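Read the structure below first, then the notes.
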Amino acid sequence: MQKPTAHRVGVLVFDGMKLLDVSGPAEVFSEANLLGADYELVLLSPDGAPVQTSIGFNLPVAASVYDHEAFDTVLVSGGEVLVGRPIDTAVRDAALHLAKHAGRIASICTGAFILAAAGLLDGRSATTHWRHARELAVGYPSVSVQPDSIYVKDGTVYTSAGVSAGIDLALALVEEDYGPELTRAVARSLVVYMQRAGGQSQYSASLTGPAPRSSALRGVIDAVKADPAGEYPVPELAQRARMSVRQLTRLFHDELATTPAKYIEGLRFDEAKALLDAGYTPTMAAQRSGFGNSETLRRVFISRIGIAPSRYQQGFATTVESQY
């Protein structure tokens, strides 16, 4: 009886790529093989030459992308070299070539910029590292960027959030191929979540966006930041800015794309996250950040990042073990 053909996974790498973008998913597929799956991983560069990773390691590859005709799955790694500059045409063309001969294609972290430059995300939903989601949305307006998603599937095109989210995506691909039982065994063996709770905004530094341009609005924001727990009726904020409520509301809309109430909630949310990170209880964090009580804080956390404050705090507690 003829052995079934292995599921071939081509991985596109390039100079400056982030090593964990490859090693994380590769370990998932490798562990799956130990448990009964049959994946064949092939590292590829645009010209077949070894690449240098972002940490300075040289990474050998098996071949050029043009030396292989087809893959069941293609992974496109990411790297800081992709952000804030044009995508190298050789890397872009390599991704496009692979996509034309693949059953599905997936990017890890900022690898989404390569897919976008190749036109593979046009009219699709996608995600990338939270730090670069806005730049992806501005640079490629035809892409519907989902900044809070750990990974996004749109047809046969997949994108994932920052770095370790490549592991989440790889687990999702294994589940599609071999089902939840084998995937659960892989996750347990690697000591990772099979499905991570909440979105990637729980990892972001701030949800309030850039500072306002006008000095009047900056004065209002600075006052709220100085005392997030204070009371801030919009008429009082407008009086502080020496303008009407209507003018202030329009400024918030034009410069920050939100309402005064939503922006203040965002500032308080950032403050509550910082307090939880510092070890305050959810009740104390709620009081000190201006939410009043833990139930209100809980509703806001679930609405914004999909998990409760206590769950968030558990995920970001100190890694130093107690000595008592």
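Structural remarks
- 5 angstrom amide H check on ARG8, placed H, neighbours 5+ away: GLU40, ASP72, THR73
- Percent of beta bridges antiparallel (DSSP, segment 1-136, rounded to nearest 5): 10 percent
- Entries in LYS153/LYS262; LYS100/LYS153; LYS18/LYS262; LYS18/LYS225 that, when Cα-Cα distance is taken, lie over 25 Å: LYS153/LYS262; LYS18/LYS262; LYS18/LYS225
- The magnitude of the dipole of the chain, with charges of +1 and -1 set on the Cβ of Lys/Arg and Asp/Glu and taken from the Cα centre, is near 1220 debye.
- Among (1) 49, 47, 34; (2) 78, 50, 35; (3) 62, 42, 40, the entry derived from the coordinates for Cα extents along the principal axes in Å: (2)
- Charged side chains reduced to their Cβ positions (Lys and Arg at +1, Asp and Glu at -1) give segment 240-279 a dipole of some 300 debye around its Cα centre.
- Integer Hz, Karplus 6.51/-1.76/1.60 couplings in order for segment 147-159, x for Gly and Pro: x, 9, 7, 6, 8, 10, 10, 10, x, 9, 10, 10, 9
- Looking at the chain, the DSSP beta bridges with both ends there are about 20 percent antiparallel.
- Projecting the Cα atoms of LEU98, VAL157, ALA49 onto the charge dipole of segment 7-203 (Cβ charges, centred on the Cα centre) puts VAL157 farthest toward the positive pole.
- In order through segment 292-304: 3J(HN,Hα) via Karplus (6.51 cos²θ - 1.76 cosθ + 1.60), integer Hz, x for Gly, Pro: x, 9, 5, 5, 4, 4, 4, 4, 5, 4, 5, 5, 8
- Within the chain, helix-based [θ] at 222 nm, where runs of 4 or more DSSP H residues each add -39,500 (n - 2.57), nearest 500: -13500 deg cm²/dmol
- Amide H within-cut-off set for VAL163, under 5 Å, with H built and near neighbours excluded: CYS109, THR110
- Over segment 215-315, volume per residue of the alpha carbon convex hull, in Å³: 93 Å³
- Counting only the Cα atoms, segment 1-89 fills a convex hull of 104 Å³ per residue.
- Peptides ranked, highest mean first, by Cβ atoms within 10 Å: ranges 240-248, 147-155: 147-155, 240-248
Bear in mind that the values in this text are calculations on the coordinates, not laboratory data. Quick caveat, the model's predicted, so the values are computed rather than measured. Backbone-built Cβ (ideal geometry, glycine too); neighbour counts: all protein chains shown.
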